[in-house]
Amino acid sequence: MKYKALLLDLDGTTVPMGFGQHTPTKAVKNAIIGLRGKVHVCIATGRAMDGTLPVLQSLGISDPCILCGGAVIYNPAQAKTIEKFTIPDKHLEKIFSILGKKLNKAYVQTQEQEVRYDSTHQYHDVTNIFIQDMFEKIQHTYLTPLRKIRGLSLQVMTKTFNGNPVLQISHHSATKQQAINHLITWLKVKPDQIVAVGDGENDLPMIIAAGMGVAMGNAADGLKSVADYIAPSVDEDGVAHVIEKFFS
């Protein structure tokens, strides 16, 4: 099979896990740059634009990319947003009311940036709300009323920067799988011509959708169980290994 597109998660895949990480290793950077003009290279990340653009620029990526966990499809070549799914403004007040005291652990993300929740700010066009330390013993307190709000996607992620679970609230269409469907049309490739690489639970839809789904060696066990291939970890330049194996 000749693959025509490479879809890469960022944190824990292309760059090490950690806030403010923008630079892949030299081996990974050179491998990605070496694909320029040969295949499509797209980033699929939970980051907003402020955390993604420096990586795109350093790697010279010009193909459409998935931002904000699937809420945004952005074309860096034209500096243009192709598609965006945001939480309806009319739901925000109710969501914040339900979260109550947990808002001191909340971050609000728009296409442009992710910031700590501020009760004095009026939010619009929100792509995601993240609530840290959403431990299992308290999840039902918040998830039960939130599920009554139509059109939301609720996901508890356990593979996080500090190891504590994070609740992600987004538009129900804001998934990496939905975004891949748009990319397939835009890039004019078939699903089985895509290699997708990731490490977290939120990468599961794109790993399943791609013709070759690759989990990093440091990936969550659930992702490894459905992947077609297990690559070396991010600390072992796993992305460079994937490029050599499937695109050389």
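Of Q111, Q78, Q132, the residue with the greatest mean-square motion in the GNM of the chain, using alpha carbon springs below 10 Å, is Q78. Over the chain, the pair-distance histogram of Cα-Cα distances with 10 Å bins from zero comes to 7, 33, 36, 18, 5, 0 percent, rounded to whole numbers.
Given the peptides 176-183, 146-153, arrange them by the average over their residues of other C-beta atoms within 10 Å, most packed first. Please list the in-between numbers first.
On the way: 176-183: 21.4, 146-153: 13.5.
Highest mean packing first, the order is 176-183, 146-153.
The simple spin-label model puts a point 7 Å past each Cα toward its Cβ; for S97 and D235 those points are separated by 4.7 nm. Each Lys and Arg Cβ is given +1 and each Asp and Glu Cβ -1; about its Cα centre, the chain then shows a dipole of about 500 debye.
What percent do you get for the relative contact order of the chain when only Cα pairs under 8 Å and 6+ apart count? Don't jump to the answer; show the numbers that get you there.
Numbers: 503 pairs, mean separation 51.4, N = 248.
In percent, rounded to a whole number, it is 21.
The helix-only estimate of mean residue ellipticity at 222 nm for the chain, built from DSSP H runs of length n ≥ 4 each weighted as -39500 (n - 2.57), is -8500 deg cm²/dmol after division by the residue total.
Taking the radius of gyration and the Kirkwood hydrodynamic radius from Cα positions alone, what is the Rg/Rh ratio for region 89-171, to two decimal places? Spell out each step's value before the answer.
Working: Rg = 11.9 Å, Rh = 12.9 Å.
Reported Rg/Rh, Kirkwood definition of Rh: 0.92.
Within the set K2/K29; K105/K137; K101/K137; K2/K245; K4/K188, which residue pairs have Cα atoms separated by over 18 Å? Working shown, then result.
Values: K2/K29 22 Å; K105/K137 16 Å; K101/K137 16 Å; K2/K245 12 Å; K4/K188 10 Å.
K2/K29, as the Cα separations exceed 18 Å there.
Relative to the longest principal axis of the Cα atoms of the chain, the long axis of helix 238-247 lies at roughly 50 degrees. Among residues other than I184 with Cβ under 11 Å from its Cβ, the summed charge is +2 (Lys and Arg +1, Asp and Glu -1).
Could you compute the longest span of the chain free of chymotrypsin sites (Phe, Trp or Tyr not before Pro) located in DSSP loops and having at most 14 other Cβ atoms within 10 Å, not counting the site residues? Counting at most 14 other Cβ atoms within 10 Å as exposed, the longest clean stretch of the chain is 20-134. Each listed q (0.14, 0.19 Å⁻¹) maps to a log10 I(q)/I(0) for region 150-241 from the Debye sum over equal C-alpha point scatterers, namely -0.55, -0.94. Taking +1 at the Cβ of each Lys and Arg and -1 at the Cβ of each Asp and Glu, which of T86, M212, G34 sits farthest along the dipole of the chain towards its positive end, judged by Cα position relative to the Cα centre? Toward the positive end, the furthest listed residue is T86. Could you check what % of the DSSP bridge pairs in the chain are antiparallel, to the nearest 5? If I count the DSSP bridges inside the chain, around 60 percent turn out antiparallel.
Note on region 47-94: the C-alpha convex hull projects to 3.7 nm² when averaged across all orientations.
Rule-based calculations on the coordinates, nothing more; no lab input. These figures come from a predicted structure and were not determined experimentally. Don't worry about glycine lacking a Cβ; one is built from the backbone with ideal geometry, like all the others, and counts go over all protein chains shown.
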